[in-house]
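Below is one structure, written out as structure tokens; the observations come after it.
Coordinate-derived values only; no laboratory data. These numbers were taken from a predicted model, which means no experiment stands behind them. Reconstructed Cβ throughout: ideal geometry from the backbone, glycine too, with neighbour counts over all protein chains shown.
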Amino acid sequence: MKISVGTRIKIVYMQGKPQYTNRQGVVTHIDDAKQIHGTWGGCALTPGIDTFEIIAEIPDFPEFPKLNGIER
């Protein structure tokens, strides 16, 4: 499963944060610890601990490095 900036995801499970279940959002950045940050509301997802589904991937268009202000 490849996640990149601009990918739309749905949170299935976030450890210790049941209020995030079923939230959707767009990935805004992935940090050095590989945690996934996005528009779903403040907490980062940790792959291997938290569970999420990819809803939609945004195609890679090198001629458009920003999408809605998000660096690709």
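Tabulated values for the structure
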| read-out | value |
| --- | --- |
| For segment 8-62, average projected area of the Cα convex hull in nm² | 4.0 nm² |
| Cα lying deepest toward the dipole's positive end in segment 8-62, options Ile11, Ile55, Gly38, charges on Cβ | Ile11 |
| Residue exposure sequence - Val27, Val12, Val5 - by fewest surrounding Cβ within 10 Å | Val12, Val5, Val27 |
| Förster-model FRET efficiency, 22 Å R0, Lys2 and Asn22, C-beta, rounded to 0.05 | 0.45 |
| Relative contact order (%) - segment 8-62, alpha-carbon pairs under 8 angstrom, separation at least six | 38 percent |
